[in-house]
Amino acid sequence: MTMLELKDIHTYYGNIHALKGISLRVEPGEVVTLLGSNGAGKTTILRSIQGLLRPRQGTIRFENKALEILPAQAIVRLGISQSPEGRLIFPRMTVKENLEMGAFSRRDTLGIKTDTERALTLFPRLRERINQKGGTLSGGEQQMLAIARALMARPRLLLLDEPSMGLAPMLVTQIFSIIQDINNQGTTILLVEQNARMALTVAHRGYVLQTGQIVLTGTAKDLQSNEIVRKAYLGET
Amino acid sequence: MAQAIKSRNILGAIAALTVLLFGGWSGAVIGWLLGTGAAFIACQGKKITSAKTGIRLGVNAGLGLGIWILIASLVQGFLLLPTTGQSALGIIQVLTLGGAGLVVATLSGWLMGAAQGLGPRRQRITVAFLAVILITFPLIDQLADTNWTATVIQILIFALLALGLNIVVGYAGLLDLGYAAFFAIGAYTTGFLSSPQINLEWNFWLVIWIAAAVAAVAGVILGAPTLRLRGDYLAIVTLGFGEIVPVVFRNLTQIQIYEPISKIFASLLGQPKLAICLVGCDRPFNLTGGEAGINPIGRPALPLIGTFQSGKYLPWYYLVLLLVVLSVLMISRLRGSRLGRAWAAIREDELAASAMGINLVQTKLMAFAMGAFFAGFAGAFYGAYISAIFPSVFDFSVSVIVLCMVILGGLGNITGVLLGCVIIMAADRLYLPQLAQVLKSMLNTSVLPNVANPALRDFLATSVDPLQMRLFLFGLTLVVMMIVRPEGLVPNAERQAELQSPDEESLAEVRSL
């Protein structure tokens, strides 16, 4: 069964037509990446899935449930959570409190405890900073916190929005290897990235977006060898 | 250590000012209150291993305060009284009053210090001390003949308001500039339900809950259209709401309501008599009494005590104290609850909060409703206490003053908010009027007769009036506060981190490199 399926999604910001008929699907266990330059609509797709923006047209189905009619909090409860663009951690809460907020939709105290432990094992750096305010963390640590916080909702589908943004190259490698680990532990991932090279190393499949439309799709391998992708996103001539 | 000395000197100055202005036994009363406080502050943040260390610190603080009081008593008795046209006190009298202040302050410090030395039960003992002070205060006040209870009741009414606004502004981060509207709605609900205005004389103990509930509903009604707004825009809408409500109450004096369908038919047929009248048929119905307001409003009654009287402050004091204590208990529970955490999250970042699965609509509406609920409490008590309400009481300045209390004390911190309330209200309602009176008699007896120039004399007589400078002093305090200590007197730990630790932040950045 397909996990997530978008059919002909049109989303607007006021009068600006941001998504012009997006259709895509994510199978269970996959890492799917959305590639594209600034303003292509990658973040808009994630926000539409999560219910933070409402598409004007089209359907979004998650395990055969229609998402486009559900409020954001119900979508989180279904098992979709997001590490948003620009991280958006809670700066005045400690790392621990941030993680607790991630589990806001859950009430199983015991499960939350195990998941906190799991997140801190994935990101040992966060354990060292557990009582520090989120706002005082470095950029890389904030990114780790944002991903860990999203994991605290125990999602079956994890949406990651630009996890490499503004990070030093060494950290980027580290983050991506953790993303791989998360996927290996059984979480399906929809990954939005500008760093196409890194994204295609962890992804199984990918979609290439241009100004609100999907122009290309294929397996990661196909995309890596595709002429257009090589020129536009991998910086090769 | 420097902090303790600084706070002791500030408290000492306050005590001295009190003695200078009020004279009499006020030194003993303020020595009791501030001596306990000074000892508590002196013990803060220190490792106190035995009662002995606590007592040493406490007595030290109390004694320091007592010396301020003694000196102030001497100055007041010998120098100040003659300049205000009263006869100076005898040496024995002055020494009795000042000495009593000194002894009481030291004793209070000793007691508090000893209590702080009790180790793990420290916190509970401190609360017990506070309870004893609050419960015995009006009795001591009567004994010492200082007449502060009436003002303290007003302070406590505003404490209710400040606590409620703290939920909206401090917890949920929604700037509300029209908070007085809910105060008004609570008061007017009480007015409608227990006054001759519409011939309802319901029991106060029921009405106060209804008033709070009606205010909460009004909070939701205000909240609903503002859900999409943030920051400045929200502030403007709430400001508008705060202006509308008193105007509505001012103008609901001539109500005539017709059944709408028959009214349309009647006007179409040109026969106004066909319209079916529902309310105020013979004579337009006066709901709110306009500018004159609603008067009299029913007072609470209890078995044994009977109906509460206007000049007898004791039952009123204990009632409002009970309301404040209940509110503090409820609100401190709220903070750590699921709802409280959701408020904290939307204050930090709405989009992220929404992505965490927080229902923005519900969370924001609850903040408005809960905040308004406590204003409703305050309004109901106020209406019954004054026994009359007028629209002009609930104007914009009330909203601003309450907001100032919250900000001055420390957004999001209950202790801070209460402290801010006590400071602003005591300064405004207690010290300033007394200062005005003392200055006036001083001018009349010692200054004006010696000024030859009549123009200058007129100028002095009219312009030296601290009451006229009330708002100026108020504004000045806020400006100084915002520069010196923007996070408030007793800041919420989170906000302090944000406003005062740039070094920590840059450290983290350096570390990550």
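Roughly what would the spin-label model give for B:Thr53 and B:Ala13, points 7 Å off Cα along C-beta, in nm?
3.1
State in Å² the accessible area per residue of the range B:1-146; use a 1.4 Å probe, count heavy atoms of protein chains only, and round to the nearest integer.
On a per-residue basis, the range B:1-146 sits at 50 Å².
Largest first and to the nearest Å, give the Cα extent of the range B:86-153 along each principal axis.
52, 28, 13
Can you give me the solvent accessible area of A:His204 with a 1.4 Å probe, rounded to the nearest 10 Å²?
90
For the range B:1-52, just say rounded, prolate or oblate: build the C-alpha gyration tensor, square-root its eigenvalues into a ≥ b ≥ c, call rounded for a/c under 1.5, and beyond that prolate if a/b exceeds b/c, oblate if not.
oblate
Suppose only helical runs count, i.e. DSSP H with n ≥ 4. What mean residue ellipticity at 222 nm does that imply for chain B under -39500 (n - 2.57) per run, divided by all residues and rounded to the nearest 500 deg cm²/dmol?
For chain B, the value works out to -22500 deg cm²/dmol.
Roughly how large is the A-B contact in terms of buried accessible area, totalled over both chains, probe 1.4 Å, nearest 100 Å²?
2600
Shape verdict for the range A:87-158, please, from the Cα gyration tensor: rounded (a/c under 1.5), prolate (a/b greater than b/c) or oblate.
prolate
Between the range B:35-61 and the range B:329-379, how many Å separate their Cα centres?
So the two Cα centres are separated by 37 Å.
Can you tell me the 0 to 90 degree angle between the C-alpha axis of helix B:414-425 and the longest principal axis of chain B, rounded to 10?
The angle comes out at about 80 degrees.
Among the residues of the range B:344-366, which ones have their accessible area go down by 20 Å² or more when all the protein chains sit together, as opposed to their chain alone (1.4 Å probe)?
Residues shielded by partner chains are B:Ala345, B:Glu348, B:Asp349, B:Leu351, B:Ala352, B:Ser354, B:Ala355, B:Met356, B:Gly357, B:Ile358, B:Asn359.
With the radius of gyration and the Kirkwood radius both derived from the Cα set of the range B:302-422, what is their ratio Rg to Rh?
Taking Rh as the inverse mean 1/r over Cα pairs, Rg/Rh reads 1.05.
For labels at B:Arg122 and B:Phe459 in the simple 7 Å Cα→Cβ model, what's the distance in nm?
Using points 7 Å along Cα→Cβ, the separation is 5.6 nm.
Could you tell me the largest-minus-smallest coordinate of the C-alpha atoms of the range B:324-366 on each of the three principal axes, in descending order and whole angstroms?
Reported extents, whole Å, longest axis first: 36, 16, 13.
Please figure out what share of the DSSP beta bridges in the protein assembly as shown is antiparallel and state it in percent, rounded to the nearest 5.
Given both bridge residues lie in the protein assembly as shown, the antiparallel proportion sits at roughly 60 percent.
Given A:Lys113/A:Lys133; A:Lys65/A:Lys113; A:Lys7/A:Lys113, which pairs have Cα atoms separated by over 26 Å?
A:Lys65/A:Lys113; A:Lys7/A:Lys113
Of A:Ala168, A:Val26, A:Leu67, which is farthest on the positive side of the dipole of the protein assembly as shown, counting Cα position, with +1 on Lys and Arg Cβ, -1 on Asp and Glu Cβ, and the Cα centre as origin?
The residue sitting most towards the positive pole is A:Val26.
Across 5 Å bins from 0, what is the distribution of all Cα-Cα pair distances for the range B:1-146, in whole percents?
P(r) for the range B:1-146, in whole percents per bin: 2, 12, 20, 21, 18, 12, 8, 4, 2, 1, 0.
Can you tell me which lysines have their Cα less than 24 Å from the Cα of A:Lys221? Leave out same-chain residues fewer than eight positions away.
A:Lys42, A:Lys231
Quick check: Cα centre of the range B:240-314 to Cα centre of the range B:391-432, how many Å?
Each part's Cα centre sits 31 Å from the other's.
So which lysines pass the test for B:Lys273, namely a Cα distance under 19 Å, with those fewer than 8 places away in the same chain ruled out?
Straight-distance partners of B:Lys273: B:Lys263.
Divide by every residue of chain A the summed helix terms, -39500 (n - 2.57) for each DSSP H run of at least 4, and state the resulting mean residue ellipticity at 222 nm, rounded to the nearest 500 deg cm²/dmol.
-11000 deg cm²/dmol
Could you work out how far helix B:396-409 tilts from the main Cα principal axis of chain B, as a 0 to 90 degree angle to the nearest 10?
Helix B:396-409 sits roughly 40 degrees off the main axis of chain B.
Can you grab the distance from the C-alpha centre of the range B:117-186 to the C-alpha centre of the range A:20-83, Å, no decimals?
The two parts, judged by their Cα centres, are 49 Å apart.
Report, as a whole number in µm² per second, the diffusion coefficient that Stokes-Einstein gives for the protein assembly as shown at 20 °C and 1.002 mPa s using the Kirkwood radius over alpha carbon pairs.
It diffuses with D of about 70 µm²/s by this estimate.
How shielded is B:99-107 by partner chains, expressed as the average number of their Cβ atoms within 10 Å of its Cβ atoms?
0
Could you tell me how many degrees, from 0 to 90 and to the nearest 10, lie between the Cα long axis of helix B:338-348 and the main elongation axis, the longest principal axis, of the Cα atoms of chain B?
80
Could you tally the net charge around B:Val447, taking each other residue with its Cβ under 12 Å from the Cβ of B:Val447, Lys/Arg +1 and Asp/Glu -1?
+2
Normalise the Debye intensity by I(0) for the range B:76-189, one equal point scatterer per Cα, no solvent, then take log10 at q = 0.11, 0.14, 0.23 Å⁻¹ and round to two decimals.
Values, matching the q order: -0.70, -0.92, -1.25.
Return the ratio Rg/(2.2 N^0.38 Å) for chain B, where Rg is computed over Cα atoms only.
1.13
State whether the range A:165-216 is rounded, prolate or oblate according to the following rule on the C-alpha gyration tensor (a ≥ b ≥ c being the square roots of its eigenvalues): a/c under 1.5 gives rounded; otherwise a/b larger than b/c gives prolate, and the remaining case gives oblate.
Oblate is the answer for the range A:165-216, as a/c is 1.5 or above yet b/c matches or exceeds a/b.
Unpartnered cysteines of chain B (Cβ-Cβ under 4.7 Å counts as a partner)?
So far as the 4.7 Å Cβ criterion goes, B:Cys43, B:Cys404, B:Cys421 stand without a partner in chain B.
The values are calculated or read from the model by the stated rules, or taken from the named source; none is laboratory data. It should be emphasised that the depicted structure is a prediction, and the values quoted were computed from it without experimental measurement. Neighbour counts are summed over all protein chains in view; Cβ atoms, including those assigned to glycine, are modelled from backbone coordinates with ideal geometry. Side chains included, ligands, DNA and RNA excluded: accessible areas come from the protein's heavy atoms. Shrake-Rupley method; radii C 1.70, N 1.55, O 1.52, S 1.80 Å.
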